[in-house]
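Structure, as C-alpha cells:
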Amino acid sequence: MKKWLVLESKRDYESALTRVDELMEMNPGQKTDQGRELKLLLVLVERYEDEHYPIESPDPIEAIKIRMDDLGMTQNDLIAAIGDKGTVSKVLSHKIALSLRMIRNLSTLLHLPAEVLIKEVKLKAA
C-alpha cells in the first residue's frame, strides 16, 4: 500500500484518482486497509478539487429559473413568494434585486439554500 500525502500536483491528483477507481472496483469494507485508504483518498481528492477547481455559486435568478423548470412551475407560482405578476417578471428579467423577504420565501418555496439566493444579482438597466 502506497503512503499517501497531501496532493500537491496534478500528477499526484491523477495518481490518486486512478487508485480511487481501483479501490472502488474492489468494493472494500470500511474497516479494511483498502477501505481506510479509499476514505483517505476521497478526502485528499476533494480537498485538491476544492482548491484547484472551485465551483462558483450560480446566479440566483438562473438558479430560480432552473428550479422552477425542475418543479414544473410558472411565473404565476412565484407570486406568493415575490409579490405581484409585474414584480415577478422584473425579478426574473434581472431588473430588480431580491429582497430579504423574497429570498426567505423563495428558499422555502423552491427548496433552495438561502446562500444561493443571497448572492448579488447583476441588474439590467430598466
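Which of (1) within 23 Å of the chain's Cα centre (by Cα); (2) modelled with pLDDT of 95 or more; (3) not β-branched (Val, Ile, Thr) is the odd one out, the single condition Asn76 does not satisfy?
Single failed check for Asn76: (1).
Consider the stretch 109-126. How many of its residues are touching a residue at least 24 places away in the same chain (Cβ under 8 Å) and open to solvent by 40 Å² or more (accessible area, probe 1.4 Å)?
Selection size over the stretch 109-126: 9.
Under 6 Å between Cβ atoms, which residue pairs at least 6 apart in sequence (or on different chains) link something in the stretch 39-57 that is farther than 30 Å from Val121 by Cβ and β-branched (Val, Ile, Thr) with a partner that is in a helix (DSSP H, G or I) and open to solvent by less than 100 Å² (accessible area, probe 1.4 Å)?
Val45/Ala16
Mind telling me which of the residues Ser93, Ser99, Ser89, Ser15 ends up being over 30 Å from Lys124 (Cα atoms) and free of Cβ contacts under 8 Å to residues at least 60 places away in the same chain?
Ser15
In the stretch 28-46, what residues are in a loop (DSSP other than H, G, I, E, B) and among the hydrophobic types (A, V, I, L, M, F, W, C)?
Selection gives nothing.
From (1) closer than 23 Å to Leu123 by Cβ; (2) at pLDDT 95 or above; (3) open to solvent by 50 Å² or more (accessible area, probe 1.4 Å), pick out the condition that doesn't hold for Ile64.
In the conditions (1) closer than 23 Å to Leu123 by Cβ; (2) at pLDDT 95 or above; (3) open to solvent by 50 Å² or more (accessible area, probe 1.4 Å), Ile64 misses (3) alone.
From the list Glu56, Glu25, Glu8, which one is open to solvent by 30 Å² or more (accessible area, probe 1.4 Å), part of a helix (DSSP H, G or I) and out of contact with any Leu (no Cβ under 8 Å at 6 or more places or on another chain)?
Glu25
Residue check, Glu14 against (1) part of a loop (DSSP other than H, G, I, E, B); (2) open to solvent by less than 100 Å² (accessible area, probe 1.4 Å), all met but one. Which one?
Just one mismatch for Glu14, condition (1).
Among the listed residues Ser57, Ser15, identify the single one that is hydroxyl-bearing (Ser, Thr, Tyr) and under 30 Å from Leu112 (Cα atoms).
Ser57
Would you pick out the residues in the stretch 73-104 that are under 17 Å from Ala63 (Cβ atoms), in a helix (DSSP H, G or I) and open to solvent by less than 60 Å² (accessible area, probe 1.4 Å)?
The answer is Leu78, Ala81, Ile82, Val88, Val91, Leu92, Met102, Ile103.
The values are calculated or read from the model by the stated rules, or taken from the named source; none is laboratory data. Remember, it's a predicted structure, so these values are computed and weren't measured experimentally. A quick note on method: Cβ atoms are made from the backbone with ideal geometry, for glycine too, and the neighbour counts reach across all protein chains shown. Accessible surface areas use protein heavy atoms only, side chains included; no ligands, DNA or RNA. Shrake-Rupley method; radii C 1.70, N 1.55, O 1.52, S 1.80 Å.
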